[in-house]
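K.L.:
Supplied in C-alpha cells, the structure appears directly below.
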Amino acid sequence: MSKNIAIVLSGGVGSRMGSDRPKQYLEIEGKPIIAHAVQTFAAHPRIDALVIAVAPEWEDYVRDLFAVASTPIYYAPAGETRQYSIFNALEAAERAGYGGDDIVIVHDAARPFVSRELIDRCIDAVAEGYDGALPVLPVKDTIYQSADGVSIGNLLPRAQLFAGQAPESFRLVPYLQLHRQTPREELLLINGSTELAYIARWNVKLIEGDERNFKITTPEDITRMVQTLHHLVS
C-alpha cells in the first residue's frame, strides 16, 4: 500500500514582511505560523510522514517545535530556490525509505489554513491515475496582458484563467527523477511545483482550491490570518 508524505517548505526569508525573522516563524495568537500547517498534516489520518525543508539556522527551533509529534518528521536543508528545497526534501524522503508508488504533497509553511479536505483531494487525484494535482481558484478579475506595462497587448479569457495554490501532489519517484534529469540552470528558473511537471507534459489534474488557503506574504495577510482564526473559533 502506498504511503503519503507531506513536504512542508520552510526556507523562505519573508523579505516583504519587514520582520527580523522569517514570516513562517512569527507567532500569531500564541503559535508560529508554520505550526498550523504542520499540525494539520501530522493529524491527518492519511499522512504517514512529513519532511520539512528548513534553513540550517532555524532547524533546531523547528525540531523543538515538533519534537513530540506522533507522525514521523524528517528534515532537509532549504535550497537556494523553492524548487531546490523541494528537490532536497524529495531526496530526504527517499533516504527515509519511501519510494514505489508513494505520494508527496508539497505545501508552503506560510499557508496556515490548509484543510483536511484539500489534502484528501490532492491524494485522491494522484491515486486515481493523474501525474499530479494542483489546487486552483477561478480568477475573478479581468486580466490584461502587456509587454511594456503601459499599453494593452491582449485581453485574456477570464473563464480559462485560474490561480494556483499549494499543496500540490505527485508520485515521489517520478517527481524526484524529473528533478534529477532537469539541468541546474533550468531548475533554478522554476517558480511553482507544478511548473516542472507542466514542462515535462505531465497530466496534472486541476482540483478545487480553497479561498481560506491563502499565503502569508505581507503584514495585511497577518491581519487576515487573525480574523480567520477568530472566525474559526467563534
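K.L.:
Anything in segment 1-25 that is more than 30 Å from Gly99 (Cα to Cα), surrounded by fewer than 23 Cβ atoms within 10 Å (Cβ to Cβ), modelled with pLDDT of 80 or more and of a type in the set (Lys, Arg)? List them, or say none.
P.N.:
Residue satisfying the conditions is Arg21 alone.
K.L.:
Which ones in segment 152-177 are touching a residue at least 60 places away in the same chain (Cβ under 8 Å) and of a type in the set (Phe, Trp, Tyr)?
P.N.:
If we filter segment 152-177 for residues that are touching a residue at least 60 places away in the same chain (Cβ under 8 Å), which is where we start, we get 166-173, 175-176.
If the condition is that a residue be touching a residue at least 60 places away in the same chain (Cβ under 8 Å) and of a type in the set (Phe, Trp, Tyr), then Phe170, Tyr175 are the ones that fit.
K.L.:
Check Leu189, Leu176 and return the single one that is under 29 Å from Asp101 (Cα atoms), surrounded by fewer than 18 Cβ atoms within 10 Å (Cβ to Cβ) and either out of contact with any Pro (no Cβ under 9 Å at 6 or more places or on another chain) or of a type in the set (Phe, Trp, Tyr) (or both). Outline the logic, then answer.
P.N.:
Details: Leu176 fails: surrounded by fewer than 18 Cβ atoms within 10 Å (Cβ to Cβ).
None of the other options fit; the residue is Leu189.
K.L.:
Restricting attention to segment 51-71, which residues are in a helix (DSSP H, G or I) and closer than 21 Å to Gly97 by Cα?
P.N.:
Correct list: Arg63 only.
K.L.:
Which ones in segment 53-106 are among the hydroxyl-bearing types (Ser, Thr, Tyr) and either on the phi > 0 side of the Ramachandran plot or buried (at least 16 other Cβ atoms within 10 Å of the Cβ) (or both)?
P.N.:
Of the residues in segment 53-106, the ones among the hydroxyl-bearing types (Ser, Thr, Tyr) are 61, 70-71, 74-75, 81, 84-85, 98.
Within segment 53-106, Thr71, Tyr74, Tyr75, Tyr84, Ser85, Tyr98 qualify.
K.L.:
Would you check if Leu134 is within 27 Å of Leu232 (Cα to Cα), modelled with pLDDT of 95 or more and of a type outside the set (Val, Ile, Thr)? Quick ask: steps written out before the conclusion?
P.N.:
Working: within 27 Å of Leu232 (Cα to Cα): yes; modelled with pLDDT of 95 or more: yes; of a type outside the set (Val, Ile, Thr): yes.
It is true that Leu134 is within 27 Å of Leu232 (Cα to Cα), modelled with pLDDT of 95 or more and of a type outside the set (Val, Ile, Thr).
K.L.:
Would you pick out the residues in segment 153-206 that are part of a strand (DSSP E or B), under 10 Å from Gly132 (Cα atoms) and of a type outside the set (A, V, I, L, M)? Don't jump to the end; show me each part of the working.
P.N.:
So the first thing to find is which residues in segment 153-206 are part of a strand (DSSP E or B), and the list is 154-156, 162-164, 168-171, 204-206.
Now narrow it down to the ones that are under 10 Å from Gly132 (Cα atoms): 168-171, 204-206.
Passing the criteria: Glu168, Ser169, Phe170, Arg171, Lys205.
K.L.:
Another question, if that's okay. Pairs please, first residue from segment 139-151 and closer than 23 Å to Glu211 by Cα, second anywhere and β-branched (Val, Ile, Thr), Cβ atoms under 8 Å, 6+ apart in sequence or on different chains.
P.N.:
Going by the 8 Å Cβ cut-off, the qualifying pairs are Tyr144/Ile152.
K.L.:
Moving on to the next point. Of the numbered conditions (1) over 19 Å from the mean Cα position of the chain (by Cα); (2) touching a residue at least 60 places away in the same chain (Cβ under 8 Å); (3) in a strand (DSSP E or B), His107 fails exactly one; give the number of that condition.
P.N.:
(1)
K.L.:
Out of curiosity, is Ala35 at pLDDT below 95 and more than 22 Å from Val173 (Cβ to Cβ)? It would help to see each step written out before you state the result.
P.N.:
Numbers: at pLDDT below 95: no; more than 22 Å from Val173 (Cβ to Cβ): yes.
In short, no.
K.L.:
Restricting to segment 68-97, name every residue that is over 19 Å from the mean Cα position of the chain (by Cα) and either among the basic types (Lys, Arg) or at pLDDT 95 or above (or both).
P.N.:
Here is the first cut: in segment 68-97, the residues over 19 Å from the mean Cα position of the chain (by Cα) are 68-70, 95-97.
Hits for segment 68-97 are Arg95, Ala96, Gly97.
K.L.:
Go over the candidates Pro183, Pro157 one by one and state the one that is at pLDDT below 95, surrounded by fewer than 11 Cβ atoms within 10 Å (Cβ to Cβ) and on the phi < 0 side of the Ramachandran plot. First the steps, then the outcome.
P.N.:
Numbers: Pro183 fails: at pLDDT below 95.
On inspection, the qualifying residue turns out to be Pro157.
The values are calculated or read from the model by the stated rules, or taken from the named source; none is laboratory data. Worth saying up front: this structure is predicted, and the values here are computed from it rather than measured. Here Cβ is always computed from backbone atoms with ideal geometry, including for glycine, and neighbour counts include all displayed protein chains.
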